[in-house]
Amino acid sequence: MPSEPLFWQRFNICGRDFVDAGKASITIKGILREIGIHPSLIRRASIASYEAEMNVVLYASQGTMELRVTPKDIRVTVEDEGPGIPDIALAMQEGYSTASDEIREMGFGAGMGLSNIKKNADAFSIHSVVGKGTILEITFRL
Amino acid sequence: MKLEAVRRILNCQVITGDDKLDAEVGVGCGADLMSDVLAFIKPNALLLTGLTNVQAVRTAEIAEVRAIVYVRGKLPDKDAIDLAKEKGIVLLCTSLPMYESCGRLHQHGLPGGSELEGGLRDAKRAPLLATL
């Protein structure tokens, strides 16, 4: 049985909304700080959330990000309606990117996002269907 | 290195955070791609960038960057300045280009991320940093 969450919140993310891009992750960082999570874990969770949120903004039409904190772990689930990822192994490689020039002008699209999420997480899973969307589950152990 | 030393070495204009120049940064990172910053930067860093939109400041807040130096005389937009004020992130601007800015700070003892990992800072740079 999964642990009962101490805290739960869902955020909506709009694709191509560069004005608000990243706000949900900054809110998550504030929540984790208020809960009293260790600063180094807050940093890892914030970076992974931000990378995942930016992927939705940059590539999908819309999505949600859900934060769930239990006595055992912090879980961030990001689900989008977007183009999906045809080759996940390739997308996980550092430096591989399908970003447009517009995305690069925003300072993103270096092909580091998914691998950086995995690097910061204790557990990471990715499921994607081409033409439908992608689901990321990112877990940090407490 | 104190931010006041950074200001002096790069002849910076202070955009916001005048009252925080006593704060210390322990490492420097120069990048225009925020993806690279998120992947490689260390906590309590100084970020040098030419990216002037609000994403540079959001990235700084997420990655615990203490201050940003905008190089090549670039100035951040209003949203970026407002967010930096809210989050207590110091914004500086220098007319120097990226290469010279990083070079001058490194020459004065501010290490890069790989030097922190290798432990070179304490051995070689601590005495120099202490004089600033």
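Some points to look at:
- Scanning segment A:87-133 for residues that are within 11 Å of another protein chain (Cβ to nearest Cβ), on the phi < 0 side of the Ramachandran plot and part of a loop (DSSP other than H, G, I, E, B) yields a total of 7.
- Of the residues making up segment A:66-81, just one is in a loop (DSSP other than H, G, I, E, B) and either closer than 21 Å to residue A:11 by Cα or without any contact (Cβ under 8 Å) to a residue 12 or more places away in the chain (or both), namely A:70.
- Residue, farthest from the other protein chains (Cβ to nearest Cβ), within segment B:36-72, restricted to residues that are small (Gly, Ala, Ser), outside any strand (DSSP E or B) and crowded, with 24+ Cβ neighbours inside 10 Å: B:60
- Taken together, B:100, B:86 contain a single residue that is away from chain A (no Cβ under 14 Å), part of a helix (DSSP H, G or I) and either hydrophobic (A, V, I, L, M, F, W, C) or more than 15 Å from residue B:1 (Cβ to Cβ) (or both), which is B:100.
- Out of A:63, A:84, sole residue that is within 26 Å of residue A:131 (Cβ to Cβ), assigned to a loop (DSSP other than H, G, I, E, B) and either small (Gly, Ala, Ser) or at pLDDT below 95 (or both): A:84
- Per this entry, residue A:94 is counted among residues that are more than 20 Å from residue B:51 (Cβ to Cβ), free of Cβ contacts under 8 Å to residues at least 24 places away in the same chain and surrounded by fewer than 16 Cβ atoms within 10 Å (Cβ to Cβ).
- Residue within segment A:40-47 that is surrounded by 19 or more Cβ atoms within 10 Å (Cβ to Cβ), without any contact (Cβ under 8 Å) to a residue 24 or more places away in the chain and either hydrophobic (A, V, I, L, M, F, W, C) or away from every other protein chain (no Cβ under 13 Å) (or both) present: yes
- The single residue among B:83, B:75, B:92, B:105 that is over 18 Å from residue B:19 (Cα atoms), surrounded by 18 or more Cβ atoms within 10 Å (Cβ to Cβ) and at pLDDT 95 or above turns out to be B:105.
The values are calculated or read from the model by the stated rules, or taken from the named source; none is laboratory data. Treat the numbers as computed from the prediction; the structure is a model and nothing was measured. In this analysis, Cβ positions are derived from the backbone assuming ideal geometry, glycine residues included, and neighbour counts consider all displayed protein chains.
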